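Note sheet for the following structure.
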Amino acid sequence: MKRYSRLNLGTVALAGTLLASAGALRAQESPLTAELPALLTSCGQSPGPERVRFFLRRLELEHEFLEQATAQDLIDRRDAGDPFKSIIIVTGASLKGMGAAGVSIRDELARTEALIAEAKRQGITIIGAHVEGMARRAQGAAPGDNSDELSIDAVCPYSDLLVVRQDGNEDRRFSIISENSDIPLILFEKNMELGDVLRRVFNR
């Protein structure tokens, strides 16, 4: 079942700094700027989107949260005259989350592929995020489970910007994607820094 959350656009003073790291944007550099309203969704049904949603709500950034957003959702908003300008797709798969949603990783990958294709058709900025660190990657997966890595591959190489918690990049997984596909990468160290990242990305 989809969940919806819509908030009004607010203005917040730009503050904070970004962690400077090899392969990532430095604090003094201007990252890609995204516009609002934003669509927040998941690829893998992990708890990660809730972390992003917390800061979007705290910063009063206009957004809608659809756990299983589809290409049709983008089309409907466009046809209603209020199109999404950006989409944040949080990667990270949870077998528990997918089970509760009644979907498989194959379902998630197919949905995400169609969603990204429609976003590109509409010129919507795609932000790929991984915000739960290495615990959400192979170290935290069951033996033989590579669903988290599949969700990363489904989103990150096709994004316009990557936002990643640094400890999830210990093996340079996201740095390599960034370098190979020429995609800006923002690394942040602590969960609370994600708010500063979003402020900067949305120029607030």
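The values are calculated or read from the model by the stated rules, or taken from the named source; none is laboratory data. Since the model is a prediction, treat every value here as computed from it, not as a measurement. Glycine gets a Cβ as well: all are built from the backbone with ideal geometry, and neighbour counts include every protein chain shown.
Quick grid of which residues meet (1) touching a residue at least 12 places away in the same chain (Cβ under 8 Å); (2) among the small types (Gly, Ala, Ser):
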| site | (1), (2) |
| --- | --- |
| Ala71 | yes, yes |
| Gly81 | no, yes |
| Ile89 | yes, no |
| Ser94 | yes, yes |
| Ala101 | yes, yes |
| Ser104 | no, yes |
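For the range 170-204, which positions are surrounded by fewer than 20 Cβ atoms within 10 Å (Cβ to Cβ), hydroxyl-bearing (Ser, Thr, Tyr) and touching a strand residue (DSSP E or B) at 6+ places or on another chain (Cβ under 8 Å)? Hit for the range 170-204 is Ser175, nothing else. Residue selection: Arg136 satisfies the criterion of being touching a helix residue (DSSP H, G or I) at 6+ places or on another chain (Cβ under 7 Å) and not polar (S, T, N, Q).
Set side by side, the residues Val103, Val90 differ, and just one is part of a loop (DSSP other than H, G, I, E, B) and either hydrophobic (A, V, I, L, M, F, W, C) or in contact with a strand residue (DSSP E or B) (Cβ under 9 Å, 6 or more places away or on another chain) (or both), which is Val103. Restricting attention to the range 65-105, the residues being buried (at least 19 other Cβ atoms within 10 Å of the Cβ) and either more than 19 Å from the chain's Cα centre (by Cα) or of a type in the set (S, T, N, Q) (or both) number 4. Looking at Arg58, is it surrounded by fewer than 17 Cβ atoms within 10 Å (Cβ to Cβ), more than 21 Å from Glu193 (Cα to Cα) and touching a helix residue (DSSP H, G or I) at 6+ places or on another chain (Cβ under 7 Å)? No, not satisfied. Quick one: Leu109 ticks every box in (1) touching a Cys at 6+ places or on another chain (Cβ under 9 Å); (2) within 18 Å of Asn169 (Cα to Cα) except a single one, so which number is it? All conditions pass for Leu109, except number (2). Contact annotation: residue pairs with Cβ atoms under 6 Å, 6 or more positions apart or on different chains, pairing a residue in the range 112-126 that is among the small types (Gly, Ala, Ser) with a partner that is part of a helix (DSSP H, G or I), are Ala114/Ala71. With respect to the stated conditions, Glu108 fails to be closer than 18 Å to Asp153 by Cβ, of a type in the set (Asp, Glu) and surrounded by fewer than 19 Cβ atoms within 10 Å (Cβ to Cβ). Just so you know, in the range 115-169 the residues that are of a type in the set (Lys, Arg) and surrounded by 16 or more Cβ atoms within 10 Å (Cβ to Cβ) include one that is modelled with the highest pLDDT, and it is Arg165. Scanning the range 46-55 for residues that are at pLDDT 95 or above, crowded, with 23+ Cβ neighbours inside 10 Å and touching a Ser or Thr at 6+ places or on another chain (Cβ under 9 Å) yields a single hit, Pro49.
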